[in-house]
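Trainee: Okay, here's the structure, questions in a sec.
The values are calculated or read from the model by the stated rules, or taken from the named source; none is laboratory data. As the structure is a computational prediction, the values presented were derived from the model and not from experiment. Cβ sites come from the backbone with ideal geometry, for glycine too, and all protein chains shown count toward neighbours. Areas reflect the complete protein model, heavy atoms only, side chains present, ligands, DNA and RNA absent. Shrake-Rupley method; radii C 1.70, N 1.55, O 1.52, S 1.80 Å.
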Amino acid sequence: HGTPHSIEHTKQVIERVFERPFDEVFEEFDDTPIGTGAIAQVYRATLKQDLIPPSYLGPRRSRKTTAAAIGPAILKDPPPSVPTASVAIKILHPDVSKMIARDLSIMSFFARAISLLPGMQWLSLPQEVEVFGTMMFQQLDLRNEAENLLAFEHNFSNR
């Protein structure tokens, strides 16, 4: 868990990203975050129809197995899922990048200091802090998460 940031920060970020007033982005927006972590928080919302990507306007799934092959209890295939404008909105906390950079500087200082002690070089702490830092900064780029969600959707589209 992290400390939640203000709804004002969330609205400012959304307006900057969508380049329109907050009220013109969503049909509905729940001001209460459904999750708050160390680097961001997540909200539930419903996008305005004109913001739904065209690729999401078709059916989301289809069944390849016929009802007859499953058994007599199922009369027909379930209909494809309806496209939805319901979304999860993830907003980075203010200045989170600066805080991570500061924390990594502190960790790096101590990792280098500890590696100067006799017998501690085998831990390779400075390199571990560097790897950890790279992973943390990758988490700040939410496009990585979006790409992973698209891959997940593609990999499980037939289920």
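Trainee: Can you say whether Thr36 is open to solvent by 40 Å² or more (accessible area, probe 1.4 Å) and among the polar types (S, T, N, Q), as far as the supplied structure shows?
Mentor: Taking the combined requirement at face value, the residue does not satisfy it.
Trainee: Pairs only if they're at least six apart or on different chains, beta carbon under 7 angstrom, first in the stretch 42-59 and of a type in the set (S, T, N, Q), second modelled with pLDDT of 90 or more and surrounded by 10 or more Cβ atoms within 10 Å (Cβ to Cβ); list them, first residue then second.
Mentor: Close Cβ pairs (under 7 Å, with a partner that is modelled with pLDDT of 90 or more and surrounded by 10 or more Cβ atoms within 10 Å (Cβ to Cβ)) amount to Thr46/Phe26; Thr46/Glu27; Thr46/Glu28.
Trainee: Specify the residue that is farthest from Gly2 (Cα to Cα); the eligible residues are those in the stretch 93-145 that are part of a helix (DSSP H, G or I) and in contact with a strand residue (DSSP E or B) (Cβ under 9 Å, 6 or more places away or on another chain).
Mentor: Glu145
Trainee: Can I ask one more? Report the residue count in the stretch 84-108 for those that are without any contact (Cβ under 8 Å) to a residue 24 or more places away in the chain, among the hydrophobic types (A, V, I, L, M, F, W, C) and either open to solvent by less than 30 Å² (accessible area, probe 1.4 Å) or closer than 26 Å to Ile34 by Cβ (or both).
Mentor: 1
Trainee: Restricting the stretch 130-150 to residues that are aliphatic (A, V, I, L, M) and farther than 17 Å from Ala88 by Cα, which is surrounded by the most Cβ atoms within 10 Å (Cβ to Cβ)?
Mentor: Met136
Trainee: Sticking with this one: Residues in the stretch 10-27 that are loosely packed, with under 15 Cβ neighbours inside 10 Å, under 17 Å from Ser86 (Cβ atoms) and at pLDDT 95 or above: how many?
Mentor: 0
Trainee: Let me ask you something else. So which residues in the stretch 8-41 are assigned to a helix (DSSP H, G or I), under 17 Å from Val96 (Cβ atoms) and either in contact (Cβ under 8 Å) with a residue 12 or more places away in the chain or in contact with a His (Cβ under 6 Å, 6 or more places away or on another chain) (or both)?
Mentor: If the condition is that a residue be assigned to a helix (DSSP H, G or I), under 17 Å from Val96 (Cβ atoms) and either in contact (Cβ under 8 Å) with a residue 12 or more places away in the chain or in contact with a His (Cβ under 6 Å, 6 or more places away or on another chain) (or both), then His9, Thr10, Val13, Ile14 are the ones that fit.
Trainee: Condition test on Ile74, is it at pLDDT 95 or above, among the aliphatic types (A, V, I, L, M), surrounded by 11 or more Cβ atoms within 10 Å (Cβ to Cβ) and not in a helix (DSSP H, G or I)? If you could, list the steps in order and put the result at the bottom.
Mentor: On the way: at pLDDT 95 or above: no; among the aliphatic types (A, V, I, L, M): yes; surrounded by 11 or more Cβ atoms within 10 Å (Cβ to Cβ): yes; not in a helix (DSSP H, G or I): yes.
So Ile74 does not fit the description; no.
Trainee: Going by the conditions given, is Ile7 in contact with a Phe, Trp or Tyr (Cβ under 7 Å, 6 or more places away or on another chain), at pLDDT 95 or above and of a type in the set (A, V, I, L, M)?
Mentor: no
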